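Remarks on the structure that follows.
Each value in this text was obtained by applying a stated rule to the coordinates, not by laboratory testing. No experiment lies behind these values; they were computed from the predicted model shown. Counting neighbours? That spans all protein chains shown, and the Cβs are built from the backbone with ideal geometry, glycine included.
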Amino acid sequence: MKENIVLEMKNIHKGFPGVKALQGVEFTLREGEIHALMGENGAGKSTLIKVLTGVYEKDEGDIFLKGYDKAVSIRSPQDAQRVGISTVYQEITLCPNLSVAENMYIGRTAGMGQNWKKINADADKLLRSLDIPASATQQLASCSIAVQQMVAIARAVDMDCKVLILDEPTSSLDEQEVEKLFGLMRNLKEKGVGIIFVTHFLDQVYEVCDRITVLRDGKLVGAYDIKDLPRVQLVAKMLGKELDDMSDIKSEGAVYSGEDAGTAVLEAEGLVSDAGIKPFDFYINKGEVNGFTGLLGSGRSECVRAIFGADRVVGGKVKMHGKDVKISKPIQAMKHGIAYLPEDRKLDGIVGDLSVRDNIILALQTLKGFFRPISKAQAYKYADEYIKLLDVKTASADTPIKSLSGGNQQKVILARWLLTHPDYLILDEPTRGIDVGTKVDIQKLVLKLAGEGMSITFISSETDEMLRTCSRLVVMRDRKVVGELSGEQLTQNMIMNTIAGGNRDNAEN
Amino acid sequence: MKKRVLAVLMAATMLLGLTACGGDGSTPAGGDVQGADGGSSSGTIKVGIINNDPNESGYRTANDKDLQAMFTAENGYDATFAYGKTNDEQINAAQQMIQDGVDYLLLSAADVSGWDTVLQDANNQGIKVILYDRTIDADPSLYVASIVSDMAKEGETAANWLKDQGLSEYNIIHIQGQMGSAAQVGRSGALLDMAAAEGWNVLVSQTADWNAEKAQQIVQSQIDAGKSFNVIYAENDDMAKGAVAALDANGITHGVNGDVIIMGFDTNKWALEELKAGNWNYDGQCNPLQASYLNDVIQKLEKGETITEKTIVMDEKGFDAKTITDDDVNTYGI
Amino acid sequence: MQKIEKKKASPMEVMKKILGRQIFIPIAALLLLVLFNLIVDPSFFAVVMKTNSAGNPVLTGNLITILDNGSELAILAIGMTLVTAAAGGQDISVGAGIAISGSVMLRVLCGTNPKPEAIQAPIIVAFLVGCLAAMLCGAFNGALVAYFKIQPMVATLILYTAGRSIAAWVNHNQLPIVPPGSFSYFGGVIPGIPIPTPFFIAIGCMILIALVLKFTTLGLYTQSVGINESSSRLNGLNPILIKFLAFVILGICVAVAGLIKVSRFSTINYSVIAKDIEMDAILAVALGGNALSGGKFNIAASILGAYVIQFLTTTLYKFNVRSDALPAYKAVVVIVLVVASAPRVREYLNGLKKKMIQNPSRKEVG
C-alpha cells in the first residue's frame, strides 16, 4: 500500500438475486482528499458504500485500510466504525430532542458514569475547531438542517475516523448552507481525513472534489483527477454515451400553437394559505411552462401547495378557464384538472408498500370515485402503458414502489398524474435526488407536454434546469413574490440579482 | 396539541358522563343518602359500603340490590356506596370513606391481599370493618366479622346430594369456573375429594371461565370423542346451561328421567325454573343476600354486644328438581 | 380475496409464489394443527349426522365445532383487519361492543319485561337497532382515532372499560331471555339444515366484504391511508373519513357477531359474553400476516387466522389439557405462531427461500 493511501477496495463483487450489483469494482482513497463517487442511480454507488460500511457483506474482494497489514473484514456498521470508517447519511440520523453534545457522544461513552461538564467542554472545543456554529448544550432541533448535518459530521470525525463517507449530504441544504458544509469538508481535508462524497450535483463536485470515481452498471468506469475530466465528459461517462447538449433541449419541444394559446388556464388573486406565505397573484397560460424560483424556504412550495389546496387556503380568489372556482382540498383541485407532484417524494408522493400499478392508478381512481373501481386488467393496462412511456425501470407492475430507485419512483408519481390527463401540472422539485439521465428525461417530457398544450409549473433548486425549461419565472424571497422574469431577463445573473434583491444580508436567513 | 387536549377532555367528559349514568341507574339510594348527609342526626349509623361491579354477574347484581334495600335512611342508615373492579379503586374509595368518618366499613374486596394498611387506618380511627362475601388475607384483628359463603360447604352439599342418587356408576364431566377463584376452588375441591373417596370416574375437569359457550364446547368435545357420561357438574348456572345446549344439539336427554344428571350453582331464577321443569337435577345456592347478616352484626355492636364468632357462614341450600317448589323458585331465585 | 393471475409458471415460481404470499402463514399454521391431530388421533376429524332434541338433523364433530364457534371471530377479523390497515392500530372494545349491541337487541326483542311470552319486535328490527348501536360505538372510536388522532388502543380503551356497564345499563341490569323461536336459529341450526347457522352467516359476511372490495375502492383507499396518510391526502383521499369508515364497518361486524352470540343461548351475560374476544381478533389479524402497524392487508388470511385460533382451542379441549395448564399451552402456541410471522423470522425464511431457489438455477448454469 502506498504511503498516502488510506483506503483501497479491490475487486469487489456483490450480487443480489437476479442482479449483479458490483462486479470487480476498485476504489482508492488518499489521505486528505475529497473523492466524488459518481454514477447514475443503480450504478452501484450505494451498494459500494454499504459494503464498505458493513451493511452488506461482499461476495468477493478485499478491503485494505491504512494501519492494517492484512485485508480488514467489515461485517457490521460497528466494525466499520471501529476501523475508522464513518458515514453521514442524507437523512439525519441523530436525535433532535437531545442536545448537540449528547448527540455527539451518545452511545460512545463507556459505563454509566457521565461527566457532562467535560463532555460539553469537549464538544464545544471540537465544534469550535471545526468552525461549526452550534453550542454543546443547545438542543439539536433548534439548529438548522445544515448545522445538524455538521454535528453529525463532527460526531463522525470525533470517532477518530480516517475515512468519512458523506452520502448526499447537500440535498436538503440551500446554497449558503452548502458553502458552510464545504468549508467544513475542506477543513477536515486539511486534517488528513479522506472523504468520499456522494452527490447528484455536478456543480458541487467541481467545486469541492479532488478526484472522481465513476461507476456504471455495477462496474468501474474509471478514476480521474478532477482537472482531467470536464463536466460533459463526466456526464458522458456516467451515462455511457455522449450526452446531447442539455442546453439545447428547449428548442426540441415544439411550442404549443393551438388557437387558445395565450389564454389563461388558471388565475389566482391574493391567494394565501396558513403555511405562512404572503398573499400572491399568479396566472398560467395554456401550453406555458413557468416556474417559481427562490432559495430553499422562500415559499416556492407553499405557493403551489396553496394553488392545489394542499395547505389550508385562507384567502384569495382562483379562476380556472376564466370561471371562479373554489379549491380548498386536493380533490377539488384534481377535479378541476390540476395535478401536483409534491416536493417530498417519500413523505407526500409514494405510497411505499403499494405496487407500482396501484401507485400509478391512485389519483385517477380517487377522481373516478369510491364506487367505480378501476378493474385489475385496466389497471395493468394503464401501468404497463406508462411504465413503457416513461421508461420506468421496475421488475413488474406488481413490485412495491419503495423498492424502486428514487428516479424511477419519481417517474411513477409523474405517471400517476399524467394518467389523470391534467390541464395544469405542477412539478415541485421533480428532479431532486435523481440521476442525470432521468433529469434530462423529465425536462424533455415537460417541454413535450407543454408543446401538446399542457400548462406546467416547474420548480427546481437547480437554476439552469429552470432556465432550460421555463419561459417565465416567478421569483420569491422570504415567503413573498418579489418579481417575475421572462424572455431576455431569463439569465442566471438576473435571477440571482432578483432573489438577492436590495438587501443581500437578509437572504442568509 | 390543541386537538389532543380537546380529545382528552372529551374522553374525560364521556367517562364522567358514564359514571354519572351508572350512578343514576344503579345507586339511587346512595344518591339520596348523600343528599341527606349534611343534616345527619346522631341517630343514623354512617356506613361505607365497598362492593364489586354490580354488572359483574347476576349474583353481584342481587347482592348489590339486597344491600341497597337494607341500608336506607328508613332503616336508620346513612350509607355511601362505592364500586371497584380492582383493589386500587376500592382502596381509594375506602380511604375516602375513612376520611369522611364513617362508623362502619363494609367490604367485599376485589383481591385478597393488600388491605392491611388501609384497614389499620380504619381501626385507628375507631371505624369497625366488616367483611362480606369475600375474605381477605389480613390479620383477623383488623375486622370484627366476616360474612361468607362457604364454597367448600356448597360443594360438599352438592357432592353429598350426588352420592345420595346412588347411581350404579358415576361418569362425570366437571366444568370448572375461573381457575383460582374461591367458588371454583371450593366447589371443585368437594367434588374431586368425593370422587376420589367413592371411586367415581371424572372424565374431564376443564375450565370454562364461567362462560356458557366454552362449557358447550367442552361437552361437545367429549361427545365427539365418543365418551359416555351420566353426570355434568358445572360450577355455575351459565356453564350448566352451556352444557345442556351441547346435549340438546346431540339429542342426549338430561334432567329428571334423562340420561345425564345436570348440576349447577348460584340459584339464578331461570336456573331454578329449569330445575322445576325437570330439565336439570340440582342447583346449589350461593347466597348473595348478606345484608340481613350485616344488619344483625351492626345492630349487635350498636347495642354494645360482642361478636363471638368472627366468621359467619350463611345458610345455603341445595335444590333438587324432585322437591323444588314454586315458592322456592320465587324466594331463592336471584 | 385476491384472484390468482392466470399465468403459466414453472413449479419453482409457483413454489416461490406460495411461500411469498401472506396467506402462507395461517395456512402453514392450519396444516400444522391438522397434521398434529391426524397423527395423534385421526378420529378428531369424524363428522357424524345426529338428531338433536328438537328432532332436527344436525352434523356434529370437531370440525363442525370449529366452523360454528369460529364464526364470530372470523366476522370480527374482517373489521379488525380494515381498522388495523387504515388506522395502524387495533380496536380493543369489540368484546364490549358485542355486549352493547347484544344487549340492545335483547332490549328490543323483550321490551321491558325480561321474560316475555313472545318477542316484542321483529328480529330484523332488533338486529338493525343493535347494528346501529354497534356502529355508533364504532363511530365514537373512529372519531377519536381519525379526527382527534388518538392512538386506537387508547381511544378504544374507553369503551373497553365502560362498554359492559353500558350494556348492563341498557337492560337495567336484568338478564332478558328471548322466548323460544326463530331467534335461536342464528346461533344454532335452522330446522332441516344440519350445519350450524353461524357458519352461513360468516360465509355471508365474507361474500359481502369480497363484493365490497371488488366493487368499491375500499381496499386501495384503506391501504393507501394506512401506508402514507399525507400522500393519500394529496391524491384526493380523505384519510379521516376512511379511518372513520373502517371503524364503522367494524361496528357492523361487531353487531353481526353480537347477534350470533346472544342467539346462542337466547340471553346475555354482560361480564362474560365475548370476553377477551378482542385479543383473539387481534391475534387473528396478526396470524394472517398483516402488519399490526397498518398498511397492506389480506382479509382472507385474517379469516383463516380466526379459524386457526378456534382450531387450536378445540384441539386443546379435545385432548383434555388440564385447566390450569390451558393458558400456558395456548400461550406457547401463540408465541410460536406469532414469532414465526415476525418480520425478522420472515426475513430469515425469505433468505432460506432465496437460497433454495438460487441453488437449482446455479445447477442449471453449471
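Data for the structure
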read-out	value
Residue order, fewest to most surrounding Cβ atoms within 10 angstrom, among A:Glu60, A:Glu465, A:Glu33, B:Glu89	A:Glu60, B:Glu89, A:Glu33, A:Glu465
Span from the region B:47-61 Cα centroid across to the region A:35-54 one, whole angstrom	69 Å
Test item: B:245-252 mean partner chain Cβ contacts at 10 Å	6
Antiparallel content of DSSP bridges confined to the protein assembly as shown, in %, to 5	40 percent
Centroid-to-centroid separation of region C:47-81 and region C:288-313 [C-alpha atoms, Å]	19 Å
Residues C:Met206, B:Met239 arranged by fewest to most Cβ contacts within 10 Å	C:Met206, B:Met239
Placed amide H near A:Val6: partners under 5 Å, 5+ positions off or other chain	A:Leu29, A:Arg30, A:Glu31
Number of partner chain Cβ atoms within 10 Å, mean per residue of B:208-219	5
Burial ordering of C:Phe199, A:Phe280, fewest other beta-carbon atoms within 10 Å first	C:Phe199, A:Phe280
Furthest towards positive pole of dipole, C:Ile249, C:Leu128, C:Thr84, structure part chain C, Cβ charges	C:Thr84
Per-residue mean of C-beta atoms belonging to partner chains within 10 Å, peptide C:312-322	4
Value of relative contact order over chain A, rounded to a whole percent, pairs C-alpha under 8 Å and six or more apart	15 percent
For peptides B:301-308, B:176-183, A:349-356, sequence by mean Cβ density within 10 Å, most packed first	A:349-356, B:176-183, B:301-308
Length-normalised contact order of chain C in % [C-alpha pairs under 8 Å, at least 6 apart]	30 percent
Vicinal HN-Hα couplings computed from phi for region A:267-281 (Karplus, 6.51 cos²θ - 1.76 cosθ + 1.60; Hz; Gly/Pro x)	10, 10, 10, x, 5, 8, 10, 7, 8, x, 9, 7, x, 9, 9
Set B:Lys128/B:Lys241; B:Lys85/B:Lys322; A:Lys191/A:Lys346; A:Lys50/C:Lys149; A:Lys278/A:Lys335 screened for pairs whose C-alpha atoms are more than 30 Å apart	B:Lys128/B:Lys241; B:Lys85/B:Lys322; A:Lys191/A:Lys346; A:Lys50/C:Lys149
Sites A:Ser142 and A:Glu190, calculated FRET efficiency, Cβ-Cβ separation with R0 22 Å, nearest 0.05	0.15
Neighbourhood charge, 9 Å Cβ-Cβ cut-off, centred on A:Ala223 and excluding it, Lys, Arg +1 and Asp, Glu -1	-1
Packing-based ranking, highest mean first, of C:129-138, C:53-62, A:488-497 given that Cβ atoms within 10 Å are counted	C:129-138, C:53-62, A:488-497
26 Å Cα-Cα threshold exceeded, pairs from A:Lys58/C:Lys296; B:Lys214/C:Lys50; B:Lys269/B:Lys303	A:Lys58/C:Lys296; B:Lys269/B:Lys303
Gaussian network model of chain C, Cα within-10 Å springs - most flexible of C:Gln90, C:Gln223, C:Gln174	C:Gln174
Given charges at beta-carbon only (K, R positive; D, E negative), |dipole| of the protein assembly as shown in Debye	4360 debye
Whole-angstrom gap from region A:294-365 to region B:261-328, using each part's C-alpha centre	72 Å
Choice from B:Asp139, B:Asp237, B:Asp103 with maximal GNM fluctuation in chain B (Cα, 10 Å cutoff)	B:Asp139
Distant-in-sequence amide H partners of A:Val289 (H built 1.01 Å from N, under 5 Å)	A:Ile456, A:Ser471
Residue of B:Gly199, B:Gly186, B:Gly126 that the Gaussian network model of chain B assigns the largest fluctuation, springs spanning Cα pairs under 10 Å	B:Gly199
Ellipticity estimate at 222 nm from DSSP helix runs (n ≥ 4, -39,500 (n - 2.57)) divided over the protein assembly as shown, nearest 500	-14500 deg cm²/dmol
Backbone HN-Hα couplings from phi across region B:167-178 [Karplus 6.51/-1.76/1.60, Hz, Gly and Pro as x]	5, 6, 9, 10, 10, 10, 9, 10, 9, 8, x, 4
Integer Hz, Karplus 6.51/-1.76/1.60 couplings in order for region C:22-39, x for Gly and Pro	5, 5, 4, 4, x, 5, 4, 4, 5, 4, 4, 5, 4, 4, 4, 5, 4, 6
